[in-house]
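Accompanying notes for the structure given below.
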């Protein structure tokens, strides 16, 4: 007997599946080719590229003169902060190396921790000076808006605990239990 005669239904199903597969690939190709090209990205103004000053401009109604002064202030501020952040990062790397040393010296750990703390304090003072400098560029209405924005930012970073301070942090750590692992026991 011929193999095609014996398995006629199987061969017919395979041929139909091949034809359907080719048709679906062809339709996907056609949709892909016939789709119009995406429009070029919208041009972004210089204000929108620098997100923070653009945000301040939008929220506080800054003038072009104020924007340029804020940009210059931010540029100087970030140049100063970059070197300070590199110093802090280096001190933290030394601290971690000392902690994981075979014989860690507590006096070195304390000294590095104090240096990091002083640098972090200086960093916060630099941020405060920068904000005071920005504030000096604003009019009274803009100062009120800036105060409101700063309060909102602080609340986002430090959420309220509705009177139950420390409840989350005082709970013991319990690793998550996975049902698949528990079912193997």
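The values are calculated or read from the model by the stated rules, or taken from the named source; none is laboratory data. Keep in mind the model is a prediction, meaning the values are calculated, not measured. Every residue, glycine among them, receives a Cβ derived from its backbone with ideal geometry; neighbour counts consider all protein chains shown.
Quick look at the values:
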| quantity | calculated |
| --- | --- |
| Count - residues of segment 70-126 that are exposed (fewer than 11 other Cβ atoms within 10 Å of the Cβ) and touching a residue at least 60 places away in the same chain (Cβ under 8 Å) | 0 |
| Residue check, residue 67 part of a helix (DSSP H, G or I), at pLDDT below 90, surrounded by 13 or more Cβ atoms within 10 Å (Cβ to Cβ) and assigned by TED's automatic domain parsing to the domain that holds residue 146 | yes |
| Unique residue being assigned by TED's automatic domain parsing to the domain that holds residue 53 and not in a helix (DSSP H, G or I) when the list is 101, 85 | 101 |
| Test: residue 60 is in contact (Cβ under 8 Å) with a residue 40 or more places away in the chain and touching a helix residue (DSSP H, G or I) at 6+ places or on another chain (Cβ under 8 Å) | yes |
| Qualifying residue in segment 14-37 (condition: at pLDDT 90 or above, surrounded by 11 or more Cβ atoms within 10 Å (Cβ to Cβ) and not assigned by TED's automatic domain parsing to the domain that holds residue 146) | yes |
| Leading residue by the ranking (farthest from residue 92 (Cα to Cα)) among those in segment 142-161 that are in contact with a helix residue (DSSP H, G or I) (Cβ under 8 Å, 6 or more places away or on another chain) and free of Cβ contacts under 8 Å to residues at least 40 places away in the same chain | 143 |
| Residue within segment 68-77 that is more than 25 Å from the chain's Cα centre (by Cα) and at negative phi present | yes |
